[in-house]
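Here is the structure we will look at.
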Amino acid sequence: MISTGNEHPAAPVAEDALQTGNGQAIADRITNSISLGLLAVGERLPPEIELAQQFGVAVATLRKGLAVLRERGIVVTHRGRSGGSFVVKAPFPSDAESASRLQGLSVVELRDLRDGSIAVGATTARLAAERAWDGSLARLRELATGVTSSATAATAASADSRFHIEVAVLAQSRRLMSAELGLQSEISPLVWAQGVFGSGVAEEIQEHHLAIVAAIAAGDGARAAQAMTEHITADVHRVIDAKLSLEAPTS
Amino acid sequence: MNPTPESAEATALVSRRRRPEIDAVSRWFTRAFADLDTLNVDLCEHLESVSSPEDDVVALARLGRDGIKKRSKRFLNEHPSADGAGVIFARAADAEGRGVIEWWERDASLGVHRYAFGLNPAGDRFYDYEKIEWFVMTFGSGQHWITGPYIDYLGVDEYVVTLTAQSTVHGRPVGIAGVDIKMSDLERELLPLLQRFPGRATLVTTHGSVLASNTSTLIAGDRIRPAELGLKEHPLRASGASVTVAYE
């Protein structure tokens, strides 16, 4: 994840600047989690040690990230027994912010995001097909159609994300769920920010979700993995197309 | 000739005598639910003593909070394999439909602490617990139940099973008392018992989900049909028959 407005980083980076950069990167990732509704306004962030583990960074780096979030007015920190960091604002990237983010990411990086998402997503779909029982699928069915009943891009992104996370929940693997949470916080703002909302793509995404649910409900792991692979590929390729069109020379 | 209850009992005794390992597993579940019942009775008596019959569940939870804390904490201290304990109240009709939960959880850094769930139905992270199997199966019916294995996403976010019993206060069901056990801890408890079986042995839920077993061919989370694997089945009455021992 890159920080916005930083398309041309200077070549040599001092140790100090690198540290601050890491803080900003972690702040961006936490911001994405909040944008997606994985962390809600008013909610207390998990303890620092736990949060650092979740994001795979050192506690010191996480603290720098929290400092950035405080400066941005996204969290406040209270001291004392009932203290902790609380979310006070849930930002969804503006069109300008996501355009800048897309320009900062290379096609190869987006492809890598796709590859990682498929590795995790297809496996969660296969395991969910093997492990989920009927009664636990009602919620997944509900979530599958959340993308078309959302009023804004931000809520659609959140609904989309929740669907993928629920598949991971049904897979019953904490490692994969944790990986999926991280991937969703990166991928979903990109998928939903680029003019996707209201352009009929939500219906296409919903169709993919329903195909995944049908395969999981049928207990067909191979088909579930295949459906998930096709879904993620289509999503990320739309993002890559959006990036390419942003950068197409105007004639 | 129809078997009389006495002779059925006698047959059961005979088969039990042949299978002391089943008896050991069965005792574990009987004990686990007896412990939950003891906690539940204690919680309900406490709630009854601090409230009047007109109080709704929001008031009950508020009036009972300190006592629930004391009892849940004590339970967790006395039962190291339990990860969480408390009372989940049925959502009050007259309380804007918000959820009401008094839950205490073990945490490596915070110790035993009160777990804050998303209880606002309009919120993104609403913990819609009345749709979860443990609530559906226990509230109203009053039967014991084991739910899982499942990742309690938006709940305690752990891979657990949940044991439940109904809580009745002033003669009225108000919710359920529950105990969470992390799957790794459940395994530590049950594996020694399963390893006493001479052949393959596994504990499965009504959904066919494996809770624990003594073989790598059946692992927690796998879904199986014991009969197709040539396994005999013995439902565990203490669990509301939500768990069955399947063995060779």
message: Scan segment B:226-239 and tell me whether some residue there is touching a Pro at 6+ places or on another chain (Cβ under 9 Å) and more than 20 Å from residue B:102 (Cα to Cα).
response: yes
Matching residues, segment A:171-222, being farther than 23 Å from residue A:33 by Cβ, among the charged types (D, E, K, R) and within 14 Å of chain B (Cβ to nearest Cβ): A:220
message: If I ask for residues that are touching a residue at least 60 places away in the same chain (Cβ under 8 Å) and either among the acidic types (Asp, Glu) or in contact with a strand residue (DSSP E or B) (Cβ under 6 Å, 6 or more places away or on another chain) (or both), which ones from segment A:165-211 would you list?
response: A:180, A:186
- request: Given the conditions (1) away from chain A (no Cβ under 12 Å); (2) within 13 Å of residue B:83 (Cα to Cα); (3) surrounded by fewer than 17 Cβ atoms within 10 Å (Cβ to Cβ), report the number of the one that residue B:173 does not fulfil.
  value: (2)
message: From the list B:177, B:227, B:246, B:212, exactly one residue is part of a strand (DSSP E or B), more than 15 Å from residue B:146 (Cα to Cα) and aliphatic (A, V, I, L, M). Which is it?
response: B:246
query: Restricting attention to segment B:197-248, which residues are farther than 27 Å from residue B:34 by Cβ, in contact (Cβ under 8 Å) with a residue 24 or more places away in the chain and within 12 Å of another protein chain (Cβ to nearest Cβ)?
result: B:221
message: Criterion first (under 18 Å from residue A:181 (Cα atoms), assigned to a loop (DSSP other than H, G, I, E, B) and β-branched (Val, Ile, Thr)) does residue A:57 satisfy it?
response: yes
Yes/no for residue A:80 being on the phi > 0 side of the Ramachandran plot and either in a helix (DSSP H, G or I) or modelled with pLDDT under 85 (or both): yes
- request: Among what's in segment A:81-136 and is away from chain B (no Cβ under 14 Å) and without any contact (Cβ under 8 Å) to a residue 12 or more places away in the chain, pick the residue that is surrounded by the most Cβ atoms within 10 Å (Cβ to Cβ).
  value: A:119
Selection from segment B:90-111 of residues that are in contact (Cβ under 8 Å) with a residue 40 or more places away in the chain and in contact with an Asp or Glu (Cβ under 8 Å, 6 or more places away or on another chain): B:90, B:105
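Of all residues in segment B:138-155, count the ones that are among the aliphatic types (A, V, I, L, M) and within 12 Å of chain A (Cβ to nearest Cβ).
Narrowing segment B:138-155 to residues among the aliphatic types (A, V, I, L, M): B:146, B:151, B:154.
Add one more test, that the residue is within 12 Å of chain A (Cβ to nearest Cβ), and what stays is B:151, B:154.
Counting residues in segment B:138-155 that are among the aliphatic types (A, V, I, L, M) and within 12 Å of chain A (Cβ to nearest Cβ) gives 2.
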- line: Inside segment B:49-80, the number of residues satisfying the requirement of being surrounded by fewer than 16 Cβ atoms within 10 Å (Cβ to Cβ) and of a type in the set (Ser, Thr, Tyr) is 2
task: Take residue B:150 and decide whether it is in a loop (DSSP other than H, G, I, E, B), among the aromatic types (Phe, Trp, Tyr) and more than 25 Å from residue B:23 (Cβ to Cβ).
output: no
Residue that is farthest from the other protein chains (Cβ to nearest Cβ) [pool: residues in segment A:139-170 that are touching a helix residue (DSSP H, G or I) at 6+ places or on another chain (Cβ under 7 Å) and more than 19 Å from residue A:227 (Cβ to Cβ)]: A:153
- prompt: Restricting attention to segment B:66-96, which residues are modelled with pLDDT under 95 and among the basic types (Lys, Arg)?
  reply: B:91
message: If I filter segment A:191-213 down to residues being farther than 13 Å from residue A:148 by Cβ and modelled with pLDDT under 90, which single residue comes out as surrounded by the fewest Cβ atoms within 10 Å (Cβ to Cβ)?
response: A:195
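The values are calculated or read from the model by the stated rules, or taken from the named source; none is laboratory data. The structure presented is a predicted model; accordingly, all values stated were derived computationally and were not measured. FYI the Cβ positions are ideal-geometry reconstructions off the backbone, even for glycines, and counts take in every protein chain you see.
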